[in-house]
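Trainee: First the structure, which I've put down as C-alpha cells, then a few questions once you've had a look.
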Amino acid sequence: MAGTARYLRYILFAFVCIIVIFFISSSSSGPRQHLQSASDILKEQSSKWRGSDAQTPAKADAEKAGSAATAHVRPAAATPMSATTPNLKTSLPPPKADGSRMNATFVTLARNSDVWEIARSIRQVEDRFNKRYNYDWVFLNDAPFDDTFRKVTTALTSGNTRYGLIPEQHWSFPSFIDQERAAAVREDMRERKIIYGDSISYRHMCRYESGFFFRHPLMLEYEWYWRVEPSIELFCDIEYDTFRFMAENKKKYSFVLSLYEYVETIPTLWESVKGFIKEHPEHIVENNSMGFLSDDGGKSYNHCHFWSNFEIGNLDWLRSKAYVDYFDHLDHDGGFFYERWGDAPVHSIAAGLMLRKDELHFFNDIAYYHVPFTHCPTDEQVRLDNKCHCNPKDNFDWNGYSCTSRFFEINSMKKPEGWEKQQ
Ligand SMILES: Nc1nc2c(ncn2[C@@H]2O[C@H](COP(=O)(O)OP(=O)(O)O)[C@@H](O)[C@H]2O)c(=O)[nH]1
Ligand SMILES: *[C@@H]1O[C@H](CO)[C@@H](O)[C@H](O)[C@H]1NC(C)=O
Ligand SMILES: *[C@@H]1O[C@H](CO)[C@@H](O)[C@H](O)[C@H]1NC(C)=O
Ligand SMILES: [Mg+2]
C-alpha cells in the first residue's frame, strides 16, 4: 500500500513538472496562449509533438550531380527530425510519402541576371508551400544558365531542379514576319512611351510564354505547372496540394489577379481571335467565359485578362490541338511583333473560350504580389487561418481596374463579406 502511494506521489510530481514546463515554454509563444487552460495547452502541445515526429525533406545529404548534366536530383527520402531538437513550430502535416504526388512542376523563365530576384520568389514558394511537397522546378532560358544561377536556385529548392535551354526557333523572328515593319513598330512605340514597346526580347518572351514553354522537352514530362516569376511574394501558408485540387475539381487554368490590358499593346488581337473562331468553331466550347472577355457577346474585347505571371494550369490542355491551332493562328497574324501582344491576354482568351467556365479557378487563398498589384484575401478568417502577412488594404480584387468582380458575376459566385469597403 505504501509503495502504491509513493508511486502515485511520483506520478503527481512528474505531472506538475510537465505542466510547469509547458507554461514556461508556451509563455514565449505569444499572447494567444495566455488565457488558455492547462488542458488546452496540453492538447495543443501534444498535437504539435505528434506533428513534429513527422518527416522533413532531406537537404544536406542531397546528391548534387544528377546523371543528366542539366539536372540536380535529390533523393525523395526524408530524415526523421532529431528527437533532441524538436521543432514546436512545425504544425503542418508532412507531405504524403505514398507516391500520391501529382505529375507537376514549377516553371520559371529567367535570365542569369534574374538570379537574386528569383531567389526571393523561390524562398517564399518553398516556405509557404513546397517544403512540404518537394515538387520539381524547371528553369528555362534563351541563353545557358551559369553556375551561380544553378547553385543558388538548387540550394533554395526542396525538389529537383532542371535547367533547359530554349531552342533558337522558339526565340526568334519567324520567317513570315517582316522585320522592317516590326522595327518601325518598335520605334513608334518607343516614342509613344509604351511599356516594353521598343523591346525585342520582351516580345520573344511573350511569344514563348504564349506558345512554346509547355512544349519544351523538359516540360513534356509533366501534366501540371505552376509559373513563378522573379520578385513575387506569397503571403499565406498553402496547406493543401494545389495541383491535386486542380485535378480533383477538374480545373485546367487558374488565376489570383485579373485586370484590363493596355489597349495600345493589343489593338488587333480580338480581330485575330475572331478570325480563329471563324476558322475553328469546333474549338469554342459551350458554357465558356465569353462574359468575362466581352460586354457585347463577342463583338469586341473588354481587355479583361488573368494576370499570367501567376498561373497553375494543365499542360496537356496547352498542348491540345485546340490551343496549338489557336496559337498558330494568332502567331501568323503577326501581333507578337507588329504590336506587343502579351501572353496574359493570349492565355486568358484561350481559357475563356476553349475551356468551360467551371474549368477555371480563382485561388482566393493564394495571397500574392507581383509589382504593382496584390491579392490579399478579403475574409479575415481566411487570413488568420493561413497565417497571412499581407495588408488587406492592398487587396486589388475589388478595385475598379480589376476584372475579378466580373469573374464572380459570370460564375454567380458570392463575394466575400466586406468586399464593398475595398472598392
Ligand atoms: N531568359 C529570359 N527570360 C526573360 C527575358 N525577359 C523576361 N524574361 C522572364 O520573363 C518573365 C517576365 O518578365 P518580366 O521582366 O517579369 O516582365 P513583366 O512581369 O511583364 O514586367 C520573367 O520570369 C523574366 O525573368 C529574356 O530576355 N530572357
Ligand atoms: C506526366 O505527364 C506527362 C504529360 O502528360 C506524361 O507524358 C508522363 O508520362 C506523366 N508521367 C507520369 C509519371 O505519370
Ligand atoms: C452548359 O450549362 C447548362 C446549364 O448549366 C447545362 O445544362 C449544359 O449541360 C452545359 N453544357 C455543357 C456542354 O457542359
Ligand atoms: Mg514580372
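Trainee: Give me the distance in nm between label points sitting 7 Å out from Cα along the Cα-to-Cβ direction at Ser320 and Ser201, one decimal.
Mentor: Taking the two extended label points, one gets 3.5 nm.
Trainee: Can I ask one more? Dipole magnitude of segment 104-421 about its Cα centre, charges +1 at Lys/Arg Cβ and -1 at Asp/Glu Cβ only, in debye to the nearest 20?
Mentor: On the way: 37 positive and 51 negative charges, 79 e Å.
Dipole size: approximately 380 debye.
Trainee: Pop the C-beta distance of Asp328 and Val152 into the FRET formula with R0 = 35 Å and round what comes out to the nearest 0.05.
Mentor: 0.40
Trainee: Using a 1.4 angstrom probe on the protein heavy atoms only, could you order Met413, Met354 from most to least accessible area? Display every interim value, and only then the final one.
Mentor: Working: Met413 75, Met354 15 Å².
Reading off the accessible areas and sorting them downward yields Met413, Met354.
Trainee: What dipole magnitude, in Debye to the nearest 20, does segment 156-218 give about its Cα centre under +1 on Lys/Arg Cβ and -1 on Asp/Glu Cβ?
Mentor: On the way: 9 positive and 8 negative charges, 49 e Å.
Dipole magnitude for segment 156-218 comes out near 240 debye.
Trainee: While we're here: Can you list the chymotrypsin sites (Phe, Trp or Tyr not before Pro) in segment 394-423 that are in a DSSP coil and have 15 or fewer other beta carbons within 10 angstrom? Display every interim value, and only then the final one.
Mentor: On the way: sites: Phe396, Trp398, Tyr401, Phe407, Phe408, Trp419; in loops: Phe396, Trp398, Tyr401.
Sites meeting the loop and neighbour criteria: Tyr401.
Trainee: At most 13 other Cβ atoms within 10 Å and a DSSP loop assignment: could you name the GluC sites (Glu not before Pro) in segment 222-297 that fit?
Mentor: Values: sites: Glu223, Glu233, Glu239, Glu248, Glu261, Glu264, Glu271, Glu279, Glu282, Glu286; in loops: Glu223, Glu239, Glu261, Glu286.
Loop-located and lightly packed - Glu286.
Trainee: Segment 104-421: percent of C-alpha pairs farther apart than 24 Å? Working shown, then result.
Mentor: Details: 27171 of 50403 pairs.
Of all Cα-Cα distances in segment 104-421, 54 percent exceed 24 Å.
Trainee: Apply the Karplus curve 6.51 cos²θ - 1.76 cosθ + 1.60, θ = phi - 60°, to the phi angles in segment 122-131 and return the couplings in whole Hz, x for Gly and Pro.
Mentor: 4, 4, 6, 5, 5, 4, 8, 8, 6, 4
Trainee: Continuing with the same structure: Between their Cα atoms, which of Lys131/Lys321; Lys251/Lys278; Lys274/Lys321; Lys251/Lys321; Lys274/Lys357 are more than 28 Å away from each other? Before the final figure, lay out the partial values.
Mentor: On the way: Lys131/Lys321 35 Å; Lys251/Lys278 26 Å; Lys274/Lys321 18 Å; Lys251/Lys321 18 Å; Lys274/Lys357 19 Å.
Beyond 28 Å between Cα atoms: Lys131/Lys321.
Trainee: To the nearest 0.05, what FRET efficiency results for Asn112 and Asp295 with a Förster distance of 30 Å applied to their C-beta separation? Could you put the intermediate results ahead of the total?
Mentor: Numbers: r = 43 Å, r/R0 = 1.45.
Using R0 = 30 Å, I get an efficiency of 0.10.
Trainee: Name the residue from Thr378, His347, Leu360 whose Cα lies farthest towards the positive end of the charge dipole of segment 347-391, charges +1 on Cβ of Lys and Arg and -1 on Cβ of Asp and Glu.
Mentor: Ranked along the dipole, the leading option is His347.
Trainee: Based on the alpha carbon coordinates of segment 279-423, what radius of gyration and maximum Cα-Cα distance (Dmax) apply, in Å?
Mentor: Over segment 279-423's Cα set, Rg and Dmax evaluate to 16.6, 50 Å.
Trainee: Please find the FRET efficiency linking Ser231 to Glu279, where r is the Cβ-Cβ separation and R0 is fixed at 41 Å, and quote it to the nearest 0.05.
Mentor: Numbers: r = 39 Å, r/R0 = 0.95.
The pair Ser231/Glu279 has a calculated efficiency of 0.55.
Trainee: Follow-up. So how far apart, in nm, are the two label points at Tyr260 and Ser100 if each is 7 Å from Cα heading toward Cβ?
Mentor: Going from the Tyr260 label point to the Ser100 one covers 4.5 nm.
Trainee: State, to one decimal in nm, how far the label point of Asn287 lies from the label point of Lys387, with both points 7 Å from Cα in the Cβ direction.
Mentor: With each label point 7 Å from Cα toward Cβ, the separation is 3.8 nm.
The values are calculated or read from the model by the stated rules, or taken from the named source; none is laboratory data. Small disclaimer: the values here were computed from a predicted structure and weren't measured. Quick reminder, even Gly has a Cβ in these numbers, built from the backbone with ideal geometry, and neighbours come from all protein chains shown. Each accessible area value is taken on the protein alone, full model and side chains, heavy atoms only, with ligands, DNA and RNA left out. Shrake-Rupley method; radii C 1.70, N 1.55, O 1.52, S 1.80 Å.
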